[in-house]
Amino acid sequence: MSKWNSVAILGVGLIGGSIGLALRRGGLADHVTGIGRSQSRLRNARKQGAVTSTTTAVARGVADAELVIVCTPVDHIVDHVRQVAAACRPGTLITDVGSTKERIVAELAGSLPRGVRFVGSHPMAGSEQVGCEHARPDLFAGRVVAVTPRGADRSGAASRIADFWTSLGAEVIRLAPRVHDRAVASTSHLPHVVASALAATLAEKDQPLAATGWRDTTRIAAGDVEMWKQILLDNRGHVLKSIDKFEKVLDSLRLALEQENERRLTRILQAGKTNRDALGS
């Protein structure tokens, strides 16, 4: 089990706050520093027990850290990692929690100070809620975290980052950054697109009839709009391919209805049920 003397978290929201709570509740870090722009949010994170100290100065917050987790929006991660790396001591490990990996890993490759290592991560956890007030120490328990090193892990940094997530209760898988982005386009980003599109079609006069099925299907559409806009733009190539595949299935279903083709309709509905049942509850 990983044990750290000092960990710094840049961005103490839902994910960052949950990391801090898990570290502290599990006795996995002696000192957890929360770094952010808002003093009020940082005070809230400390009050909730997610961090032991706070600062708005990145350099001060990471000066003694062995591990830094960057929990900021995907369009800021590269700049924030570089900012962190410039202030870290040699030997510091840096990871992130961004939902996209290919561009981030590529832009950071070979651009960090000697002795500072970055390995990308993506915890497949969270909710449509945002803010440290919704953080939970068990958020990562039993959840998958993708660790996305660039090439071979000769330094052992990816293994240490994997051990970190395992210590929080997660199940770690290693993926190449491009493979990760292609996969999450189908399993995470397309569902958000579909949920948002479905929610956007609901007429105000029909809202009283939006019952459990509609609410369950569209729950993730309530996620932070700015965050999801950046995720979709950053992974747009893979997302567009996933949308193309979805449109083909939807067109086939539409045709089955137009032609009253019960066999085709049953086949599509059964394929969806089979895939969903395979995942369990």
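The values are calculated or read from the model by the stated rules, or taken from the named source; none is laboratory data. Since the model is a prediction, treat every value here as computed from it, not as a measurement. A quick note on method: Cβ atoms are made from the backbone with ideal geometry, for glycine too, and the neighbour counts reach across all protein chains shown.
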- request: Identify the residue in region 8-38 that is more than 16 Å from the chain's Cα centre (by Cα) and assigned to a strand (DSSP E or B) and, among all such residues, is surrounded by the fewest Cβ atoms within 10 Å (Cβ to Cβ).
  value: Asp30
task: May I ask you to list pairs of residues, at least six apart or on different chains, whose Cβ atoms are under 7 Å apart, with the first in region 117-135 being closer than 15 Å to Ile19 by Cα and without any contact (Cβ under 8 Å) to a residue 60 or more places away in the chain and the second being in a helix (DSSP H, G or I) and β-branched (Val, Ile, Thr)?
output: Ser121/Ile161
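Can you confirm whether Glu226 is within 16 Å of the chain's Cα centre (by Cα) and over 30 Å from Lys3 (Cβ atoms)?
Values: within 16 Å of the chain's Cα centre (by Cα): yes; over 30 Å from Lys3 (Cβ atoms): yes.
Yes, satisfied.
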query: When you scan region 218-242, how many residues do you find that are part of a helix (DSSP H, G or I) and surrounded by 15 or more Cβ atoms within 10 Å (Cβ to Cβ)?
result: 12
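Residues in region 161-181 that are part of a helix (DSSP H, G or I) and surrounded by fewer than 18 Cβ atoms within 10 Å (Cβ to Cβ): how many?
Of all residues in region 161-181, those part of a helix (DSSP H, G or I) come to 161-167, 177-181.
Restricting the remaining residues to those that are surrounded by fewer than 18 Cβ atoms within 10 Å (Cβ to Cβ) gives 163, 166, 178-179.
Adding up the residues that qualify gives 4.
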- prompt: Within region 139-160, how many residues turn out to be in a loop (DSSP other than H, G, I, E, B) and buried (at least 22 other Cβ atoms within 10 Å of the Cβ)?
  reply: 3
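Test Ala106 against the stated conditions and say whether it is farther than 24 Å from Leu168 by Cα, at pLDDT 95 or above, small (Gly, Ala, Ser) and surrounded by fewer than 21 Cβ atoms within 10 Å (Cβ to Cβ). Let's see the steps before the verdict.
Working: farther than 24 Å from Leu168 by Cα: yes; at pLDDT 95 or above: yes; small (Gly, Ala, Ser): yes; surrounded by fewer than 21 Cβ atoms within 10 Å (Cβ to Cβ): yes.
Judged against the criteria, Ala106 is a match.
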